[in-house]
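In what follows, a structure is listed as structure tokens, so that the remarks can point back to it.
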Amino acid sequence: MSMTFSGGEVDDEARDEIHWMELHGLKIDYVEEQGHTEYYFTIPKRCDALQEIKTPSGATNYVCGVYETRPQMCRDYDGSIEGPLGVEDCFWKLEKEGRPLSRDGSFNWTARS
């Protein structure tokens with residue numbers, strides 16, 4: 001629904017870019033890494049090609065509407081990259097931890113450890 005990217009080390013040049021990003025609605029996270037500060041920016045807009053498909057059971061599945069012609073960035077992304085603060089409830093992570101979605105596409109949030 002959104003994507004997070006590494007911006008690199010926070011320095012004088014980056015501060016100006018960060019300011020521009022904030023003015024344009026991007027979310028900025030800061031992380032201390034080996035004695036310096038790194039920043040990550042999140043584009044808080046879901047992809048216009050993401051389509052919601054209702055299943056017969058009423059669950060919602062999300063599919064890419066341009067899958068065959070999607071950009072290379074999307075082709076390269078395997079869905080398993082965590083942001084600096086973690087992505088606790090991403091579906092790929094739930095499955096990796098052995099907490100897969102049910103057959104109807106729902107997840108029992110109370111089953112979290």
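The values are calculated or read from the model by the stated rules, or taken from the named source; none is laboratory data. This structure is a prediction, so every number in the text was calculated from the model and none was measured. A quick note on method: Cβ atoms are made from the backbone with ideal geometry, for glycine too, and the neighbour counts reach across all protein chains shown. Areas reflect the complete protein model, heavy atoms only, side chains present, ligands, DNA and RNA absent. Shrake-Rupley method; radii C 1.70, N 1.55, O 1.52, S 1.80 Å.
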Output the residues belonging to the range 1-19 that are among the polar types (S, T, N, Q) and within 15 Å of Thr37 (Cβ to Cβ).
Ser6
Just checking, does the range 50-60 include any residue being out of contact with any helix residue (DSSP H, G or I) (no Cβ under 9 Å at 6 or more places or on another chain), assigned to a loop (DSSP other than H, G, I, E, B), at pLDDT below 80 and surrounded by 10 or more Cβ atoms within 10 Å (Cβ to Cβ)?
no
Among residues belonging to the range 1-47 that are more than 30 Å from Cys64 (Cβ to Cβ) and in a loop (DSSP other than H, G, I, E, B), point out the one that is most open to solvent (accessible area, probe 1.4 Å).
Gln34
